[in-house]
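Structure first, commentary second.
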Amino acid sequence: MTSRFPFSAVVGHDDLRLALLLNAVHPGIGGVLVRGEKGTAKSTVVRALAALLPELAVVPGCRFGCDPLVDTECPDGPHLGDAAERRPAKLVELPVGATEDRLVGSLDLERALTEGVRAYQPGLLAAAHRGVLYVDEVNLLHDHLVDLLLDAAAMGRAHVEREGVSISHAASFLLVGTMNPEEGELRPQLLDRFGLTVAVRASRDVATRTEVIRRRLAYEADPEGFAARWEAADAELADRIVTARAALPTVALPDSELRRIAGVCAAFEVDGMRADLVVARTAVAHAAWRGADVVEEADVEAAVRLALPHRKRRDPFDEPGLEEEQLADAMQQAAEHADNEPEPDGPPDGPDDGGQPAPEGSEQPQQQPQQGGSGSSDKPPAAPAPAFRARLLQVPGVGEGAPGRRSRARARTGQVVRSSTVDGAGLHLVGTLAAAAPHQNSRGRTGPGLLLKAGDVRLSVREGKEGNLVLFVVDASGSMAARQRMSAVSGAVISLLRDAYQRRDKVGVVTFRGSSAEVALPPTTSVDAAAARLRRMRTGGRTPLADGLLKARRLLEIERLRDPRRRPLLVLLTDGRATSTGAGGDPMRDALRAAGLLAADGTASVVVDCEHGPIRLGLAAKVAVALDGACLRLEELSADQVAGVVRAARAA
């Protein structure tokens, strides 16, 4: 077996190594989320941690890795009086494409059908108990698995209620996730469950990069020999973890440092109290790690740097991280608060704005004279209007795309709607038993269990929700360039992007202005990248509406080849005017013809009418008719102004 890359041999990544080591000292911190670009050794460092964890005392033969002195409610128990054996802590990897059965366990179908007994087959949560549960590309994990992880992480136990099985077992683990932010962000609920977060980047220092290459090549040439050279350093770290764990209960956390922690968390306006608790635990672990018996200001500052970057985000599109000036101001304010020793129930003495940047869209757009549709000026981006809660736009019918939260879809998870002999996901137990039961006498059954044949098997047909490809086609021409109008359009698109983020969609952006259209952002799951592109969008010039629709059609054709199961939803934001065409014909007629081609492709679409003023030409509605799609006014995108859920795209 090839040796893992040694933890001590990792070059740089000091914050990442510290975060992992502090969690090894105090598992109650809650795990680590590692954010970083591809090729930065995120997975290498995490996998190397397992070799440093102390050995565990477990009950021999227990499938759940129980501690005989602690775990008294094990399904394989009771274990009272059982002798213990020692084994290394496990690092269990949860694949992004894992099923629910693989994660939480399920009914042992072989024993159920052949022996007639209800037997439970443990899953990955049981295997990870008292060890490390590692999720690579955690931001791509299916939502139903995220929900199960949240429950287990919150309660320290896994509960399985399915297919006649009712099991509860301990599932306390160190949760470590890695992700590339370019591939999409993490759900806020799971993001908050990670105690610490670290951003890793490849060093730009030539000497550091040279040493990384030298060590990696040496490891690939002789893994065992390379690991042996670093064995002493890893053993020293492992001993230090054991020592710090033993000292943890004796480390004192003075009231002055508690007030400092509360003051910093209040200054950054973090939600809830989990941040305060995580910072406190991390500060205690940091003090134990450096061999101190009292938490000091340096311990609190180190804990804040690791525990608050992902909790200070007020919006999905905010960049995580702490500015040095913000942190220094918050620490100073907290120090003054601690020195003054206010009453425990008094309000924290933090800055009025918590050191936060102004909310998105807080800048009031200036009034500018409107530009005509033939204007050729190149205007800078308008500040978007405040975002709002967007109404639900759906693709009609039932799809089979990636799990998400937008449109109806047949899926491996969700509500079971029927059984089937030809399609489905997983065994439909009741349907299978019902199909086999009438034939038991004719098949000569004499003992327990059922005699099954291939024709008895029924599969579960489930219906859930899917994520879609939401393609925004944005009119950036002179007729849309009025400052107030473009501000409203930008705010609406940002609101729709936030909705796409929450519903786990892929998004793309096509803009058109002047004489042509361009793909501002190819389809991606990183909706914050789309928001950044739209904020930089410039306006002005004529309106090549036909070219914008044709560019969108070509982009969707490519995406159908790449991901044929992900259904698209085209969202066109325009006032409907067309004043430019590459063929020299009638611009409006060409635009309607291009819209008809999209309708013939079966593309679900929504036209957002951005026309403004007392006189309305209704051109956007004509485009919507040609697209065979719905037409909404800009103000109708707000869910707060329109009651109920809207089926925005009409059925074909």
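Can you confirm whether V519 is closer than 30 Å to R187 by Cα and either out of contact with any strand residue (DSSP E or B) (no Cβ under 9 Å at 6 or more places or on another chain) or buried (at least 19 other Cβ atoms within 10 Å of the Cβ) (or both)? No. All conditions but one from (1) more than 23 Å from the chain's Cα centre (by Cα); (2) open to solvent by 40 Å² or more (accessible area, probe 1.4 Å) apply to K38; the one that does not is (1).
From G596, G602, grab the single residue that is in a loop (DSSP other than H, G, I, E, B) and at pLDDT 85 or above. Quick ask: steps written out before the conclusion?
Working: G596 fails: in a loop (DSSP other than H, G, I, E, B).
Criteria check complete, one pass: G602.
Note on the range 552-582: among residues that are in contact with a Ser or Thr (Cβ under 8 Å, 6 or more places away or on another chain) and assigned to a helix (DSSP H, G or I), the one that is nearest to D505 (Cα to Cα) is L556. Filtered by the rule that a residue be touching an Asp or Glu at 6+ places or on another chain (Cβ under 7 Å) and under 19 Å from R513 (Cα atoms), the range 525-544 gives R538, G540, T543. Taking the condition open to solvent by 50 Å² or more (accessible area, probe 1.4 Å) and within 15 Å of the chain's Cα centre (by Cα), does D147 pass? When the stated conditions are applied, D147 passes them.
Being in a loop (DSSP other than H, G, I, E, B) and touching a residue at least 40 places away in the same chain (Cβ under 8 Å) is the requirement here; does G585 meet it?
On the way: in a loop (DSSP other than H, G, I, E, B): yes; touching a residue at least 40 places away in the same chain (Cβ under 8 Å): no.
Criteria not met by G585.
Of the residues making up the range 551-578, those that are of a type in the set (A, V, I, L, M, F, W, C) and open to solvent by less than 60 Å² (accessible area, probe 1.4 Å) are A552, L555, L556, L569, L570, V571, L572, L573, A578.
Given the condition of a type in the set (D, E), touching a Lys or Arg at 6+ places or on another chain (Cβ under 8 Å), modelled with pLDDT under 85 and on the phi < 0 side of the Ramachandran plot, answer yes or no: does some residue in the range 185-203 qualify?
Quick first cut of the range 185-203, residues of a type in the set (D, E) only: 185, 192.
Now narrow it down to the ones that are touching a Lys or Arg at 6+ places or on another chain (Cβ under 8 Å): 192.
Then drop every residue that is not modelled with pLDDT under 85, which leaves 192.
So of that shortlist, the ones also on the phi < 0 side of the Ramachandran plot come out as 192.
Within the range 185-203 (the criterion being of a type in the set (D, E), touching a Lys or Arg at 6+ places or on another chain (Cβ under 8 Å), modelled with pLDDT under 85 and on the phi < 0 side of the Ramachandran plot), the answer is yes, since at least one residue qualifies.
The number of residues in the range 198-216 being under 19 Å from D15 (Cα atoms) and touching a helix residue (DSSP H, G or I) at 6+ places or on another chain (Cβ under 7 Å) comes to 3. At least 2 residues being β-branched (V, I, T) and without any contact (Cβ under 8 Å) to a residue 12 or more places away in the chain is the threshold, and among the helices (runs of 4 or more DSSP H) wholly inside the range 196-305 those reaching it are 206-221.
If the Cβ limit is 9 Å and pairs must be 6+ apart or interchain, which residue in the range 122-145 that is basic (K, R) pairs with which residue that is surrounded by fewer than 24 Cβ atoms within 10 Å (Cβ to Cβ) and part of a strand (DSSP E or B)? If the second residue must be surrounded by fewer than 24 Cβ atoms within 10 Å (Cβ to Cβ) and part of a strand (DSSP E or B), the pairs left are R130/L56; R130/V58.
If you check S172 against the conditions, is it polar (S, T, N, Q), surrounded by fewer than 18 Cβ atoms within 10 Å (Cβ to Cβ) and under 28 Å from the mean Cα position of the chain (by Cα)? The answer is no for S172. D590 meets each of the listed conditions (1) within 21 Å of A402 (Cβ to Cβ); (2) touching a helix residue (DSSP H, G or I) at 6+ places or on another chain (Cβ under 9 Å) apart from (1). Of all the listed residues (V430, V422, V416, V457), the sole one being open to solvent by 40 Å² or more (accessible area, probe 1.4 Å), modelled with pLDDT of 80 or more and either of a type in the set (A, V, I, L, M, F, W, C) or in contact with a Leu (Cβ under 7 Å, 6 or more places away or on another chain) (or both) is V457. When you look at L186, is it outside any helix (DSSP H, G or I) and either more than 30 Å from L433 (Cα to Cα) or in contact with a Cys (Cβ under 6 Å, 6 or more places away or on another chain) (or both), yes or no? Yes: the conditions hold for L186.
If you go through the range 261-280 and keep only what is at pLDDT 90 or above and surrounded by 23 or more Cβ atoms within 10 Å (Cβ to Cβ), you end up with I261, V278, V279. Scan the range 50-69 and tell me whether some residue there is modelled with pLDDT of 85 or more and closer than 23 Å to A302 by Cα. Looking for residues that are modelled with pLDDT of 85 or more and closer than 23 Å to A302 by Cα, one finds at least one in the range 50-69, hence yes. Return a yes/no flag: does the range 536-547 have any residue that is buried (at least 20 other Cβ atoms within 10 Å of the Cβ), in contact with a Phe, Trp or Tyr (Cβ under 6 Å, 6 or more places away or on another chain) and part of a loop (DSSP other than H, G, I, E, B). Yes; the residues of the range 536-547 include at least one that is buried (at least 20 other Cβ atoms within 10 Å of the Cβ), in contact with a Phe, Trp or Tyr (Cβ under 6 Å, 6 or more places away or on another chain) and part of a loop (DSSP other than H, G, I, E, B).
So which residues in the range 1-20 are open to solvent by 10 Å² or more (accessible area, probe 1.4 Å) and touching a residue at least 12 places away in the same chain (Cβ under 8 Å)? Please lay out each step first, then the result.
We begin by selecting, within the range 1-20, every residue open to solvent by 10 Å² or more (accessible area, probe 1.4 Å); these are 1-5, 8, 10-15, 17-18.
Scanning the range 1-20 gives T2, S3, R4, F5, S8, V10, V11, G12, H13, D15, R17, L18.
For the range 242-260, a residue qualifies if it is open to solvent by 60 Å² or more (accessible area, probe 1.4 Å) and among the acidic types (D, E), and exactly one does: D255.
Scanning the range 221-241 for residues that are open to solvent by 40 Å² or more (accessible area, probe 1.4 Å) and either under 27 Å from A302 (Cβ atoms) or within 33 Å of the chain's Cα centre (by Cα) (or both) returns W230, A232, A235, E236, D239, R240. Residues in the range 502-538 that are among the charged types (D, E, K, R), over 17 Å from E559 (Cα atoms) and at pLDDT 85 or above: R513 alone.
Restricting attention to the range 45-76 and to residues that are open to solvent by 40 Å² or more (accessible area, probe 1.4 Å) and in contact (Cβ under 8 Å) with a residue 40 or more places away in the chain, the residue that is nearest to R216 (Cα to Cα) turns out to be R47.
The values are calculated or read from the model by the stated rules, or taken from the named source; none is laboratory data. In this text the structure is predicted, and so the values were computed from the model without any measurement. As a convention, Cβ positions derive from the backbone with ideal geometry for all residues, glycine included, and neighbour counts pool all protein chains shown. For the accessible areas, the whole protein counts, side chains as well, though only heavy atoms, and no ligand, DNA or RNA atoms are used. Shrake-Rupley method; radii C 1.70, N 1.55, O 1.52, S 1.80 Å.
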